[in-house]
Structure formats: C-alpha cells, structure tokens
Amino acid sequence: MPTDVLENVFWGGARYVDVNRLMPKLFDASRQLKDGWADIVMDECGLTADSTPSVIGGWSTGAKIAYAVAQACHPKKLILLAATPCFCRNDTVNFGTRPAVIDQMISGLDKDKDAVLNTFYERCGLEYDPSAIPDYTIDELSCGLEFLKQADLHPLSLSRTVPVFFHGADDQIIPISASKYFCEQVGGEHIEVGGNHAFFIKHRIPPEGGTF
C-alpha cells in the first residue's frame, strides 16, 4: 500500500520507503530469499553505519525490515508497529499464519489481484480503493508474500537499540502475542493500542516515542 498511509504515525521530516518495490531484489532466480537481504535493503536506501538516521521505524513487513537494518546501523531509536519476528508458524513459534494461507494468496494474485488486496485491506481495518494505491506488479506482490513466508529474524537477542513496539489489541493480521514475544526476546518496550492492524489511522506516535 502507499507509504502515505503512515503520515499519521511519524512527525515531520520522515523519509518513507515503499518496501513492496524492493521485494523482487531480495530474491534469487529460484524465488529463495537471499541471505544478505538486509544488506540489499541498506544499499537500496543508501544507508551505511556512518550515515544512520536517528530514528528507524516500520510497520508490519516494514517493521521486520526496520529491525534487521537497525541491527547493522544502530539508530538512536527504533519504532516497530505490528511487528513479528516470523510471520508464519514454524518449529520455533506457534503464532502466526499457516504457510499454506500465503500460498493461496500468491496463487490468487494471478486470478484476481484486487480480490486478494481487498481482503487484506479489510482485515487491516482499511478501505480498499484500487485507484489510490500504487500500481504494484504481480511480481512485487508475490515476492512480498514470499518474504512473509521465508524471512525469519531468529535467533533473537538483546538489541543494542532498544525497540519500542506498538501493536493493535485487535490485530487480525499479526497477533499481539507475536510482538509481545518479539519484545521480550530483544529487551524492548511494548505498548498495546486499541485498534486493528492499521491502528495508527486513529493514533499518532509522538516524537519522543512515548505513549499515546
């Protein structure tokens, strides 16, 4: 979805990165996620250890990417919205979506992209308007879904930059238990907010990163 959906989240001067556009670059020819995907994101965004923004943040898939990038460039603050270290259930975690559900969504993109996106938007608590979103390709969207299946931030350890987690209590996309677990594993601060996956539509995070 367009990055301006986050304009109600962060204060002025933020630079928004549409991670959907980056997704195909993170995979090899066999649709396997590259080991150095976080480094690729940093290169694409022009980030280095010597040119680190003071605050890095992200929502959902972007939160996973923001966390991985922050481990390399260590910003002063890290804000993660609706975050999970692993979107799909596996041998490590029992929360999240079954991989088969993601496979069904990938298959559905070729048949009816708008139907897949509309369902996702509804579960986020957003209104879907095809004319208002970027013209994402099937490849960009399917790679984004593959990223959800394959990207796993484990093993987790205490983070040098203490993350602040915000999560909607009624999130239907990523269960709040996922971000609570994530927070505990990396020594972060967790703030529960009323609302769904896109809880920030009705809330704004203050510059100091405190509570609403």
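Look through Val69, Val41 and report the one residue that is at pLDDT 90 or above, surrounded by 14 or more Cβ atoms within 10 Å (Cβ to Cβ) and more than 18 Å from Gly187 (Cα to Cα).
Matching residue, one of Val69, Val41: Val41.
Among the residues of the range 156-187, write down those that are more than 15 Å from the chain's Cα centre (by Cα), over 17 Å from Asn94 (Cβ atoms) and of a type outside the set (A, V, I, L, M, F, W, C).
Those that are more than 15 Å from the chain's Cα centre (by Cα), over 17 Å from Asn94 (Cβ atoms) and of a type outside the set (A, V, I, L, M, F, W, C): Ser157, Ser159, Arg160, Thr161, Asp170, Gly187.
Give Phe182, Phe166 a once-over and let me know the one that is closer than 25 Å to Arg21 by Cα and in contact (Cβ under 8 Å) with a residue 24 or more places away in the chain. It would help to see each step written out before you state the result.
Numbers: Phe182 fails: closer than 25 Å to Arg21 by Cα.
Exactly one of Phe182, Phe166 is closer than 25 Å to Arg21 by Cα and in contact (Cβ under 8 Å) with a residue 24 or more places away in the chain, namely Phe166.
Got a sec? Which of Phe120, Phe165 is among the aromatic types (Phe, Trp, Tyr) and surrounded by fewer than 19 Cβ atoms within 10 Å (Cβ to Cβ)?
Exactly one of Phe120, Phe165 is among the aromatic types (Phe, Trp, Tyr) and surrounded by fewer than 19 Cβ atoms within 10 Å (Cβ to Cβ), namely Phe120.
Which residues, counting only those in the range 91-108, are modelled with pLDDT under 90 and closer than 29 Å to Leu47 by Cβ? Reasoning before the result, please.
Within the range 91-108, the first condition is being modelled with pLDDT under 90, and the residues that meet it are 91-96.
The answer is Thr92, Val93, Gly96.
Which one of the conditions (1) among the small types (Gly, Ala, Ser); (2) surrounded by fewer than 19 Cβ atoms within 10 Å (Cβ to Cβ); (3) touching a strand residue (DSSP E or B) at 6+ places or on another chain (Cβ under 6 Å) does Ser159 fail to meet, given that it meets all the rest?
(3)
Mind checking which pairs have a first residue in the range 141-157 that is touching a residue at least 60 places away in the same chain (Cβ under 8 Å) and a second that is polar (S, T, N, Q) and crowded, with 19+ Cβ neighbours inside 10 Å, Cβ under 9 Å, 6 or more apart or different chains?
As it stands, the answer is Leu141/Asn20; Cys143/Asn20; Gly144/Asn20; Gly144/Thr61; Phe147/Thr61; Leu148/Thr61; Ala151/Thr61; Leu153/Thr84, since those pairs meet every condition given.
For Tyr128, indicate whether it is surrounded by 13 or more Cβ atoms within 10 Å (Cβ to Cβ) and not in a helix (DSSP H, G or I).
yes
Condition first: out of contact with any Leu (no Cβ under 6 Å at 6 or more places or on another chain) and either in a loop (DSSP other than H, G, I, E, B) or modelled with pLDDT of 95 or more (or both). Now tell me which residues in the range 131-141 satisfy that.
Scanning the range 131-141 gives Ile133, Pro134, Asp135, Tyr136, Thr137, Asp139, Glu140.
Taking the range 73-100 as the search range and keeping residues that are of a type outside the set (A, V, I, L, M, F, W, C) and without any contact (Cβ under 8 Å) to a residue 24 or more places away in the chain, which one is nearest to Gly187 (Cα to Cα)?
This residue is Asn94.
Where residues in the range 87-105 are hydrophobic (A, V, I, L, M, F, W, C) and surrounded by fewer than 23 Cβ atoms within 10 Å (Cβ to Cβ), which of them is nearest to the chain's Cα centre (by Cα)? Please lay out each step first, then the result.
Residues of the range 87-105 that are hydrophobic (A, V, I, L, M, F, W, C), as a first pass: 87-88, 93, 95, 100-102, 105.
Add one more test, that the residue is surrounded by fewer than 23 Cβ atoms within 10 Å (Cβ to Cβ), and what stays is 88, 93, 95, 100-102, 105.
Values: Cys88: 13, Val93: 18, Phe95: 16, Ala100: 20, Val101: 18, Ile102: 15, Met105: 17 Å.
Residue satisfying both the conditions and the ranking: Cys88.
Assigned to a helix (DSSP H, G or I) and either touching a helix residue (DSSP H, G or I) at 6+ places or on another chain (Cβ under 9 Å) or without any contact (Cβ under 8 Å) to a residue 60 or more places away in the chain (or both): is that true of Ser177 in this structure?
It is false that Ser177 is assigned to a helix (DSSP H, G or I) and either touching a helix residue (DSSP H, G or I) at 6+ places or on another chain (Cβ under 9 Å) or without any contact (Cβ under 8 Å) to a residue 60 or more places away in the chain (or both).
The values are calculated or read from the model by the stated rules, or taken from the named source; none is laboratory data. Remember, predicted model here, so these are calculated numbers, not experimental data. Using ideal geometry, Cβ is built from the backbone for each residue, glycine included, and neighbour counts are taken over all protein chains shown.
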